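We did not get these values from a lab; they are worked out from the coordinates using the rules stated. If you're wondering where the values come from, they're calculated on a predicted model, not measured in any experiment. Cβ placement follows ideal geometry from the backbone for every residue including glycine, while neighbour counts extend to all protein chains displayed.
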Amino acid sequence: MQRIYVQISICGLLILANILLVYANGENESSTRPDSHAPIGVMGDHAHKAGELMLSYRFMNMSMNGLRDGTDVVSTEEALKTYALVPTAMQMQMHMFGAMLAPHDVVTLMVMTSYRRNNMEMEGAHEHATGGHDHAVGHQEMESSGLGDLRLSTLIPILNKEHLDLILKAGVSIPTGSIAVEGTHGGTEEVVLPYPMQLGSGSYELLPSATLAATQGNWSYGLQVSAAFPLNENERGYKLGTFVGTTVWGARKLNDWLSISVRGSFANWGDISGRDTAFDPEGEDDHHGTEEHGDEDHHHAAPTGTSDINFLVPTMDPDLRGGTRGSVSAGVNLVFPDRIGGILAGQRFAVELQMPVYENLDGPQMTLGWKLLVGWQYAFALW
Ligand SMILES: [Cu+2]
C-alpha cells in the first residue's frame, strides 16, 4: 500500500513542477488543446495524423472494499454464514503501456499491454479453528502479478470536422495474461486463485467502440460507447461475460495547457459461463477438508441460486461475477504547449479519479471503492 502512495506523490509532484514550469513561461495560443484528448480513463478517443506515433503510459490503482448483493451492502459476518472464506478488500494496480501509429490520416493503429498486480484480503470463518483444518482461519491475503492481455485496435475517424469528431474502433484482445495463477489462501498448498485474481480473460475478445467528441469555445464534450465480447471458452473451461459501457464527459479548458473534466460512466457486465474446474467443491476437498467434516455441520456452501455447486469463496462462483455500475469521475489534463520548445512541447499528463454512485451486483461480490488513473502521452511525427 505504501508504495502506491509514494508513486502517487511522485506523479503529483511531477505535475506540480510541470505546472510551475509552464506558468513561468507565460501564456500564448497553442495549436493543441489540453482537452483535445478525452479524460485519461477513456481509451481510443482520438486518432492521429499520418506519420504520427504516440507513446503512452497509464498507472491505475483500483481499490475494492467489502461486499454487495444487488444494491445492498453485505457485511463480512453475514457472508461468513454461507462461506468459509470471504474477501474483504482488494487492490489492483495496473501499468499500461500503449502505442498509437497512424500510417494514414484515415487509420490509426493502437497496441496496448499491461502489467498487473492484485492483492486480496480475506477473512476466514473463525469457528473452523476448532475443526483441525490445515488451512488458516481469520485474516488471510493472496497476491498475483504479471502480464495482462494484449490489445490490438484499429481506429477509423469517420468524421473529422473542426469542432466535431466521430471515431470508430475495432479491437481484439489476445489472451497473453495468465488465467492459471496459483497461490495460497492461508495454508501452504498452492491452488488456482479465484477469478478476480487472474491476470487475463483467457479468451480472444472483440473490442468495439464509438466515440463522438465536440468542442465549443473553452468547452469540450464527448460520448463513448464501448464493449468487450469474449469469443471462445478459455483453456480452463470458462468464458467471461460480455461487458458493455457508456461514458459521457465535459471538459473546460482553463488556458492553453490545462483543462478540467467531469465524467459519468455506466457499465454492465455479465456472469462467467462455464467454470474453472479447480473451483469444483469436490476438487477443493483435498485442500480444505470439507469432506472430513461432512456437509451437515460445515456449510461451506452457497445453497441459494440455481446451481447446486457449493463454493468455498464467493469469488470462485461463476454466477457471482456480473453487475451494473454507475460512476462519476473528475480529471485534469495538462499539455506542454509548443512555446516551451524542445522535448517537453506536446507532452501530456493527466489524472482522473473515479468513484461509484450506483452498484447492482450479482453478489456477494466485491464493491468498488475508488479508481485512480495517472497518465502520460507523447505524440511526435515519424515522417
Ligand atoms: Cu494517441
Which of the lysines could a cross-linker bridge to K371, judged by Cα under 19 Å and excluding same-chain residues fewer than eight apart? none
Per residue Cα convex hull volume in Å³ - calculated over the stretch 39-381: 127
Compute the orientation-averaged projected area for the stretch 134-225 from the convex hull of its Cα atoms and round it to one decimal in nm². 9.2
Filter the trypsin sites (Lys or Arg not before Pro) in the stretch 155-249 to those in DSSP coil with at most 11 other Cβ atoms within 10 Å of their Cβ, and list the result. K161
Can you list residues from other chains, or at least 5 along the same chain, whose modelled amide H is less than 5 Å from the amide H of V73? none
Anchor K169: lysines whose Cα lies under 21 Å away (excluding residues fewer than 8 positions away in-chain): K49, K161
